[in-house]
Amino acid sequence: KVPAASEAGTAAVARKSLVAACTIPAGALLTEELITFRRPGTGLPPALQQYLVGRVVRSAIPAGTLITLEMLD
């Protein structure tokens, strides 16, 4: 079974990404409370949360921003 041409772009929209739940200051230790999951799924998948918790934030991350690996040490 193959997705129809009209369904091609919907997969990323239906998935979720890791997002800053609130503004996270530089130097903060990333915790589960500081992370939430939101659509679209164009960022890091929720399955990576366990590998990111405990890492230090390089620069401030505004609330609602997709979290990237470049933001963390």
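Laboratory data are not the source of any read-out in this text; all were calculated from the coordinates shown. All figures in this text were calculated on a predicted structure; none of them were measured in a lab. Ideal geometry is used to build each Cβ from the backbone, glycine not excepted, and the neighbour counts take in all protein chains shown.
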Between I67, L30, P45, whose Cα lies farthest towards the positive end of the dipole of the chain when Lys and Arg beta carbons carry +1 and Asp and Glu beta carbons carry -1, centred on the Cα centre? P45
From the helices alone, meaning DSSP H stretches of at least four residues, give me the mean residue ellipticity at 222 nm for the chain, per-run term -39500 (n - 2.57), in deg cm²/dmol to the nearest 500. -2000 deg cm²/dmol
Only one of the listed values, (i) 29, 21, 12; (ii) 17, 14, 11; (iii) 28, 11, 9, was derived from the coordinates as semi-axes √(5λ) of the Cα gyration tensor in Å; which label is it? (iii)
Would you tally the net charge around P45, using a Cβ to Cβ cut-off of less than 9 Å, leaving P45 out, and scoring K and R as +1, D and E as -1? +2
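How would you order 35-44, 61-70 from highest to lowest mean count of nearby Cβ atoms within 10 Å? Walk me through the numbers on the way to the answer.
Details: 35-44: 15.5, 61-70: 13.7.
Result, highest mean Cβ count within 10 Å first: 35-44, 61-70.
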Sequence-distant or interchain residues sharing an amide H contact under 5 Å with T23, placed H: which? A63
